[in-house]
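*Asks:* Right, I'll just put the structure down here and ask away after.
Each value in this text was obtained by applying a stated rule to the coordinates, not by laboratory testing. Note that this is a predicted model, so its numbers are computed, not measured. Virtual Cβ from ideal backbone geometry, glycine too; neighbours counted across all protein chains shown.
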Amino acid sequence: MTIDAAAGAVTVDARGMRCPWPALRLARAMRGAAAATLLADDPQAEREAAALAAEQGWTIAPDGPDRWLIRRA
């Protein structure tokens with residue numbers, strides 16, 4: 001996990017991990033962050049991250065291949 005303190009954002013690199021690990025890492029990172037970029041190559045990662053974002057009230061948007069931007073609403 002990489003932290004950009006100025007922007008209050010983190011990067012969660014979950015490439016090579018199978019679900020549910022990318023979503024779990026995202027949830028952990030978002031505890032203290034306003035935004036996160038999730039990097040994950042598991043085909044289920046987008047669905048898992050979207051479900052987590054919906055549950056928490058966060059917004060999620062694609063930010064490139066295997067990359068999503070998650071923000072607190």
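*Asks:* Compute a Gaussian network model of the chain, connecting alpha carbons closer than 10 Å, and tell me which residue from Leu26, Leu39, Leu52 fluctuates the most.
*Replies:* Of Leu26, Leu39, Leu52, the most mobile in the Gaussian network model is Leu52.
*Asks:* Could you tell me which residue out of Leu52, Leu38, Cys19 lies farthest along the dipole of the chain toward its positive end? Charges go on the beta carbon: Lys and Arg +1, Asp and Glu -1, centred on the Cα centre.
*Replies:* Value computed over the given set: Leu52.
*Asks:* Apply the Karplus parameterisation 6.51 cos²θ - 1.76 cosθ + 1.60, with θ equal to phi minus 60°, to every residue of the range 60-73 and state each ³J(HN,Hα) to the nearest whole Hz, in sequence, with x for glycine and proline.
*Replies:* Each residue of the range 60-73 in turn: 9, 9, x, 9, x, x, 6, 8, 9, 9, 10, 9, 5, 7 Hz.
*Asks:* Listing Ile60, Ile70 from the residue with the fewest other Cβ atoms within 10 Å to the one with the most, what is the order?
*Replies:* On the way: Ile60 19, Ile70 26.
With the sparsest Cβ surroundings first, the list reads Ile60, Ile70.
*Asks:* Still on this structure: Between Asp13 and Ala54, what is the label-point separation in nm under the 7 Å Cα-to-beta-carbon projection?
*Replies:* 3.1 nm
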